[in-house]
């Protein structure tokens, strides 16, 4: 049985705190009344950790949310009511925090709230898209189908994210290893050789002088370089957290060669998949755009979609809105036009999302194939310069001896 932490008055001047077991907040409050207490606050024991900031340390993996949605869909479609379904799932969960959240959702449902309202109390876990879909399922009586669609959507999105991570992992690994090798050579190996070069008492070649100067700078001023990096990252994060900073940075990302196109198509693919999911669930286009805006990452595209919402509310077609926008290609406009005319809008939007995701995957694979040899070549040139600079004085000494 869930535990609740309460604050209550025993007399007008005496306030006490304690812990009580109950099925819901309302039942806990009723028990306190029966004990002669006047409850001030009643909170779920697990979730009261929020006050200590512990909640921020917890992350719910997407695969666990996918599994939760799939299990809930199966139980609901089998005729098990929501409360029993949540209880069964909660008992099987290894993640203590997600279990506490589901117990809290159950308690809120017992207090008379709907499933969508109860889930919306945890926006860090259940997004606007998730709660809007659940509300649609509750309204239409097709909650099990909605849950299955949500699970499929989250699974598809996770597959796409994993493909992006996989494509970028190897080039990043090569870059980190190469950079680390160069830093170690310059800060630890070269200083030990400088003494040997000084003892030679001869004029050092220009590449060796340059290398020694770089090594001395890194050895003497590494703290300054580290401070500049930390301050730069701090200032960047501070600026990018402001509304104007976000807009400027998102605009900059869209202007980047090659990468800008990938960012744009990633946002559009996500938007189209969300709209397809919402429209197929019976949510109107204007409400669907509201949800899509809330989950989009790029501020420039958010503003553009807000314009679409206003134009559609005034009677304009979705395809016509896309046609007037510089961010959406003729390919998208034509497919949406066909979808509007044939009444298969959700299918058309899903096709756009699938095509763009395949395109992005191809772009990333091509980009990583190009990056790998470039990074290896650059690192090879740098390491080759270091090795050559260290060997040149030795060659000169051999020539003098001969």
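The values are calculated or read from the model by the stated rules, or taken from the named source; none is laboratory data. The shown structure was predicted, so the numbers you read here are calculated from the model rather than taken from an experiment. No Cβ is skipped: glycine too gets one built from the backbone with ideal geometry, and neighbour counts run over all protein chains shown.
Kindly establish whether residue 167 is modelled with pLDDT under 80 and either under 27 Å from the mean Cα position of the chain (by Cα) or loosely packed, with under 12 Cβ neighbours inside 10 Å (or both). For residue 167, the condition - modelled with pLDDT under 80 and either under 27 Å from the mean Cα position of the chain (by Cα) or loosely packed, with under 12 Cβ neighbours inside 10 Å (or both) - is met.
Restricting 276, 288 to those that are in a helix (DSSP H, G or I), surrounded by 21 or more Cβ atoms within 10 Å (Cβ to Cβ) and at pLDDT below 85 reduces the list to 288.
Screening residue 257 against (1) part of a helix (DSSP H, G or I); (2) farther than 21 Å from residue 388 by Cβ leaves a single unmet condition, (1). Scanning the stretch 304-327 for residues that are part of a helix (DSSP H, G or I) and without any contact (Cβ under 8 Å) to a residue 24 or more places away in the chain yields 304, 306, 307, 308, 309, 310, 311, 319, 320, 321, 322, 323. Of everything listed in (1) over 30 Å from residue 369 (Cβ atoms); (2) part of a helix (DSSP H, G or I); (3) modelled with pLDDT under 85, the single unmet condition for residue 86 is (3). For the stretch 115-131, indicate whether the set of residues that are over 28 Å from residue 279 (Cβ atoms), free of Cβ contacts under 8 Å to residues at least 24 places away in the same chain and part of a loop (DSSP other than H, G, I, E, B) is non-empty. No; the residues of the stretch 115-131 include none that is over 28 Å from residue 279 (Cβ atoms), free of Cβ contacts under 8 Å to residues at least 24 places away in the same chain and part of a loop (DSSP other than H, G, I, E, B). Does the stretch 216-239 contain any residue that is in contact with a helix residue (DSSP H, G or I) (Cβ under 6 Å, 6 or more places away or on another chain), in a helix (DSSP H, G or I), free of Cβ contacts under 8 Å to residues at least 40 places away in the same chain and loosely packed, with under 14 Cβ neighbours inside 10 Å? Looking through the stretch 216-239, at least one residue is in contact with a helix residue (DSSP H, G or I) (Cβ under 6 Å, 6 or more places away or on another chain), in a helix (DSSP H, G or I), free of Cβ contacts under 8 Å to residues at least 40 places away in the same chain and loosely packed, with under 14 Cβ neighbours inside 10 Å. I'd like to check something: does the stretch 197-215 contain any residue that is in the same structural domain as residue 357 (by TED's automatic domain parsing), within 28 Å of residue 366 (Cα to Cα) and without any contact (Cβ under 8 Å) to a residue 40 or more places away in the chain? No - not one qualifying residue is present in the stretch 197-215. Just one of the listed residues (353, 330) is in contact (Cβ under 8 Å) with a residue 40 or more places away in the chain and either in the same structural domain as residue 208 (by TED's automatic domain parsing) or within 30 Å of residue 189 (Cα to Cα) (or both), namely 353. For the stretch 286-302, name all the residues that are touching a helix residue (DSSP H, G or I) at 6+ places or on another chain (Cβ under 6 Å) and within 29 Å of residue 143 (Cβ to Cβ). Of everything in the stretch 286-302, those that are touching a helix residue (DSSP H, G or I) at 6+ places or on another chain (Cβ under 6 Å) and within 29 Å of residue 143 (Cβ to Cβ) turn out to be 286, 288, 289, 291, 292, 293, 294, 295, 296.
Mind telling me which of the residues 259, 279, 264, 289 ends up being touching a residue at least 12 places away in the same chain (Cβ under 8 Å) and within 22 Å of residue 159 (Cα to Cα)? Only one candidate qualifies: 264.
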